[in-house]
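Q: Sharing a structure here in structure tokens format.
Nothing in this text is a laboratory measurement; each read-out follows from the coordinates by a stated rule. In this text, all values refer to a predicted model and were calculated from it rather than measured experimentally. Positions of Cβ are backbone-derived with ideal geometry, glycine not excepted, and every protein chain shown enters the neighbour counts.
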Ligand code: C2E
Ligand code: MG
Ligand code: MG
Ligand code: MG
């Protein structure tokens, strides 16, 4: 596919530089230039209710519109952006853009149109002593209410010590909702949930893959469903919301609903799209609500 070719092309480009370290530096320089040149864009993937396909939120995902290589996905440049520290200004851009866009949607389509907008935050950003103030600034400048913002962090990022923990608790106190991303893939998911002020757990795609396959075993013995089942039980006990990630088929929706999941995200429900794409979804829903 075009996407695979684009990715392969990009990897080749970096490898062509020879020394890995050199490649990193080169990519770091390219990212700096790209940031100055406005080459980053934010797309939004809808997060949907599983019973009636109503949109409840969106997740912001960054893309690099490279002048020669076309659209480059975050897997290709986020690691380098983290190593070079450029994730801090890049993350600031995503934060401000998402808050601005979410506030615009709420203004145009009303407070019921979108419950929340989420974005990914890496450990390096949480280490930045200015991060909490930047979030507060983005909310104030956009007018987005703090309870409409979700910050997604991974387990490994959360495990990075005092400064990160302090920042997360401060964000929580401000009323911002924190989501544990890729949940279940980290090393100490369970103990983490007690220490960390999470409002949402996002069940990792790897536990959604294969969940629809019936092994013919009694439900409780079905290893394919074991993690998804444990996570929903834990979330309920702790009063957390859940989002099942990477849903690619209607059969997976059925299996997840049987386990008790009510909200999900994935190509089967909706792919990441431009802000205009989300606006069209919201506009269509506004019309159908009006008619019904
Ligand atoms: P994530 O936060 O877990 O985001 C979900 C990823 O899964 C996205 O990939 C999304 O396009 C993809 N996805 C969604 N539904 C499906 C599906 O049904 N099947 C499959 N195979 N994939 C699906 P994307 O956009 O390539 O992002 C990859 C990762 O890059 C994200 O994983 C996140 O960790 C990171 N990332 C993206 N944007 C940002 C950002 O602005 N800042 C930071 N720090 N990280 C970001
Ligand atoms: Mg995420
Ligand atoms: Mg995720
Ligand atoms: Mg993931």
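Q: Taking the condition of being without any contact (Cβ under 8 Å) to a residue 40 or more places away in the chain, over 17 Å from residue 232 (Cβ atoms) and in contact with a helix residue (DSSP H, G or I) (Cβ under 9 Å, 6 or more places away or on another chain), how many residues in the range 171-191 meet it?
A: Count: 6.
Q: Filter the range 219-263 down to residues that are within 16 Å of ligand 1 (Cβ to nearest atom) and assigned to a loop (DSSP other than H, G, I, E, B) and give me whichever is nearest to residue 192 (Cα to Cα).
A: Per the criteria, the residue is 245.
Q: For the range 36-77, how many residues meet the condition of being assigned to a helix (DSSP H, G or I) and touching a strand residue (DSSP E or B) at 6+ places or on another chain (Cβ under 7 Å)?
A: So in the range 36-77, the residues assigned to a helix (DSSP H, G or I) come out as 36, 74-76.
Now restrict to residues that are touching a strand residue (DSSP E or B) at 6+ places or on another chain (Cβ under 7 Å): 74.
Summing the residues that are assigned to a helix (DSSP H, G or I) and touching a strand residue (DSSP E or B) at 6+ places or on another chain (Cβ under 7 Å) in the range 36-77 gives 1.
Q: Further, regarding this structure: State all residues of the range 165-194 that are within 13 Å of ligand 1 (Cβ to nearest atom) and not in a strand (DSSP E or B); if no residue qualifies, say none.
A: Residues of the range 165-194 within 13 Å of ligand 1 (Cβ to nearest atom): 179-186.
Hits for the range 165-194 are 184, 185, 186.
Q: Next question. Could you tell me which numbered condition residue 162 fails, if it satisfies all but one of (1) closer than 28 Å to residue 267 by Cβ; (2) away from ligand 4 (no atom under 16 Å from the Cβ)?
A: Failed condition: (1).
Q: Additional query: State which residue is surrounded by the fewest Cβ atoms within 10 Å (Cβ to Cβ) when the search covers only the range 248-274 and only residues that are within 16 Å of ligand 2 (Cβ to nearest atom) and farther than 21 Å from residue 63 by Cβ.
A: Ranking the candidates gives 263 first.
Q: Say we look at the range 197-233 and pick out the residues that are more than 16 Å from ligand 4 (Cβ to nearest atom) and more than 21 Å from residue 249 (Cα to Cα); which of these is surrounded by the most Cβ atoms within 10 Å (Cβ to Cβ)?
A: 199
Q: What number of residues within the range 264-292 satisfy the criterion of being under 18 Å from the mean Cα position of the chain (by Cα) and in a helix (DSSP H, G or I)? Reasoning before the result, please.
A: Filtering the range 264-292 down to residues under 18 Å from the mean Cα position of the chain (by Cα) leaves 264-275, 277-278.
The next check asks that each one be in a helix (DSSP H, G or I); those that pass are 275, 277-278.
Residues in the range 264-292 being under 18 Å from the mean Cα position of the chain (by Cα) and in a helix (DSSP H, G or I): 3 in total.
Q: Here are the criteria: (1) within 16 Å of ligand 4 (Cβ to nearest atom); (2) in contact with a strand residue (DSSP E or B) (Cβ under 8 Å, 6 or more places away or on another chain). Tell me which single one residue 156 does not satisfy.
A: Only one criterion in (1) within 16 Å of ligand 4 (Cβ to nearest atom); (2) in contact with a strand residue (DSSP E or B) (Cβ under 8 Å, 6 or more places away or on another chain) is unmet by residue 156, namely (2).
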